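Enquirer: One structure, pasted below without further comment.
All of the numbers you see were taken from the coordinates with simple rules; none came from a lab. Treat the numbers as computed from the prediction; the structure is a model and nothing was measured. Every residue, glycine as well, gets a Cβ built from its backbone with ideal geometry; the counts of neighbours run over all protein chains shown.
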Amino acid sequence: MIGVVVGVLGLFAVFAWIVAVFSAVQIVRLAPKGTRVRTYGRLGWWKFDDIRRDIGPAADQHIRTYQRAFIAFIVCVLVSIVIGGLLSVTAQN
């Protein structure tokens, strides 16, 4: 049972990561040619107001998708860590 839960969490985490990567690529493609690397750096530091200022409202949907996918990925990783910790505690007893 736990193996299925961990497997589903893993698949969801991979899917969320892929969605985040595609959203990041779309955001960088929308940036003006001279600011693409800077936009990618700002995306990594979550400076979304700066990105919106450079790109405009066309980036809003991609930014929201990126944020949600990234948070979903982190939540999956944290839940997997908790499950792993609980399994190791119960295996020792």
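Enquirer: Take the residues of segment 13-63 that are of a type in the set (Asp, Glu) and surrounded by 12 or more Cβ atoms within 10 Å (Cβ to Cβ): which is nearest to the chain's Cα centre (by Cα)?
Expert: Selected residue: ASP60.
Enquirer: For VAL4, are the conditions met, namely being closer than 30 Å to LEU87 by Cα and exposed (fewer than 13 other Cβ atoms within 10 Å of the Cβ)?
Expert: yes
Yes/no per residue for (1) within 20 Å of GLN26 (Cβ to Cβ); (2) among the β-branched types (Val, Ile, Thr); (3) touching a strand residue (DSSP E or B) at 6+ places or on another chain (Cβ under 8 Å); (4) outside any helix (DSSP H, G or I):
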position	(1), (2), (3), (4)
ARG52	yes, no, no, no
ALA69	yes, no, no, no
LEU78	no, no, no, no
VAL82	no, yes, no, no
SER88	no, no, no, no
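Enquirer: Mind checking which pairs have a first residue in segment 23-37 that is among the charged types (D, E, K, R) and a second that is surrounded by 16 or more Cβ atoms within 10 Å (Cβ to Cβ), Cβ under 9 Å, 6 or more apart or different chains?
Expert: Partner pairs satisfying both residue conditions: ARG36/VAL28.
Enquirer: Looking at segment 55-68, I want the residues that are without any contact (Cβ under 8 Å) to a residue 40 or more places away in the chain and have a partner that is β-branched (Val, Ile, Thr) with Cβ atoms under 8 Å, at least 6 apart or on another chain. Which pairs are those?
Expert: Correct list of pairs: ILE55/ILE27; ILE55/THR39; ALA59/ILE27; ALA59/ILE51; HIS62/ILE27.
Enquirer: Take segment 36-50 and flag every residue that is part of a helix (DSSP H, G or I) and either out of contact with any helix residue (DSSP H, G or I) (no Cβ under 6 Å at 6 or more places or on another chain) or at positive phi (or both).
Expert: Selection gives VAL37, ARG38, GLY41, GLY44, ASP49.
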